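Asks: Okay, here's the structure, questions in a sec.
The values are calculated or read from the model by the stated rules, or taken from the named source; none is laboratory data. Predicted, not measured: the structure shown is a model, and the values here were computed from it. We place every Cβ from the backbone using ideal geometry, glycine too, and count neighbours over all the protein chains shown. Side chains included, ligands, DNA and RNA excluded: accessible areas come from the protein's heavy atoms. Shrake-Rupley method; radii C 1.70, N 1.55, O 1.52, S 1.80 Å.
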Amino acid sequence: MTIKPSKGRFIVLEGPDGVGTTTQATKLADAIWPHRTCMVTQEPSRTTDLGKHIRLLLKSEAPSQAIQQRLALLFAADRIEHLSMVVQPAIERGTDIICDRYLLSSLVYQTLYLPVWWVQDINRFAIQPDLTILLTLPVEEAIARVDRRGDAKEIFEAEALQAKIHMMYNQRSRFVDAVTVNALGTVDEV
């Protein structure tokens, strides 16, 4: 008799730049791994051509409104491809997925320039995570962490946008029923 494994869980970590979503996704996977099979993934994806193209666009100069619309559509298309090629098959196999950014990030970053109803509509086929964790930090600390990375900043990491982005994460988190975690402590404390 073959026992079908239980479905995997879909867990998403969200938050403004510099709060540690990538670091905490890895730490969460390390904590889950001894008990369940899991994998960490990101959006935009690193495995699809769309995701790779989006990552290049995010390194470019701040785009116009028309380019913002195309970027939002690319994010939505990458999300659907990522879900169908990576997330949903893994969940069906019983693997837990920990995703570094997802729908809440679109509802924040893309609605800086576009109507929230439009961003919600183009993402209407995105599945709901089992858990969304919103990492928060004071704006100044998040900016300092981004600066310490030393990497070239992406278009949304401009200091002038960061206060608004932090505020919008708090406002939009109700759309996805996120659990908020203060990311001010050490990596292990968080």
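Asks: Per 0.36 nm of contour for each residue apart, how much would the distance between residue 164 and residue 66 grow if the chain were fully extended, relative to their Cα-Cα spacing?
Replies: 33.2 nm
Asks: Let me ask you something else. Given a Förster distance of 22 Å, report the FRET efficiency between residue 57 and residue 80 from their Cβ-Cβ distance, rounded to the nearest 0.05.
Replies: On the way: r = 18 Å, r/R0 = 0.82.
Between residue 57 and residue 80 the formula returns 0.75.
Asks: What is the extension gain from residue 7 to residue 139, computed as 0.36 nm multiplied by their sequence separation minus the C-alpha to C-alpha distance, in nm to one decimal?
Replies: 43.8 nm
Asks: 5 Å is the cut-off here: which amide hydrogens, built 1.01 Å from N in the peptide plane, fall below it relative to residue 99, excluding neighbours closer than 5 in sequence?
Replies: 11, 12, 13, 41
Asks: Same structure again: Sort 101-112, 178-189, 138-149, 81-92 by the packing proxy (mean of other Cβ within 10 Å over each peptide's residues), most packed first.
Replies: Answer by packing, highest mean first, reads 101-112, 81-92, 138-149, 178-189.
Asks: Given +1 on the Cβ of Lys and Arg, -1 on the Cβ of Asp and Glu, and no further charges, what dipole in debye does the chain carry about its Cα centre, rounded to the nearest 20?
Replies: With only Lys, Arg, Asp and Glu charged at Cβ, the dipole is about 460 debye.
Asks: Here's something else I'd like to know. Could you rank 73, 135 by how accessible they are, 1.4 Å probe, largest area first?
Replies: 73, 135
Asks: Another one. Heavy-atom accessible area of residue 172 with all protein chains present, probe 1.4 Å, nearest 10 Å²?
Replies: Result for residue 172: roughly 40 Å² accessible.
Asks: Bins of 10 Å, beginning at zero and ending with the bin holding the largest distance: percent of Cα pairs per bin for the chain, please.
Replies: Pairs per bin, as whole percents: 9, 36, 38, 14, 2, 1, 0.
Asks: Report ³J(HN,Hα) in whole Hz for each residue of segment 36-49, in order, from the Karplus equation J = 6.51 cos²θ - 1.76 cosθ + 1.60 where θ = phi - 60°; Gly and Pro get x.
Replies: Working through the residues one at a time gives 8, 6, 8, 8, 9, 9, 9, 10, x, 5, 9, 9, 9, 4 Hz.
Asks: Counting each DSSP H run of 4 or more residues in the chain as -39500 (n - 2.57), what helix-only mean residue ellipticity at 222 nm follows after dividing by all residues, to the nearest 500 deg cm²/dmol?
Replies: Taking each H run of at least 4 residues, the total per residue is -13500 deg cm²/dmol.
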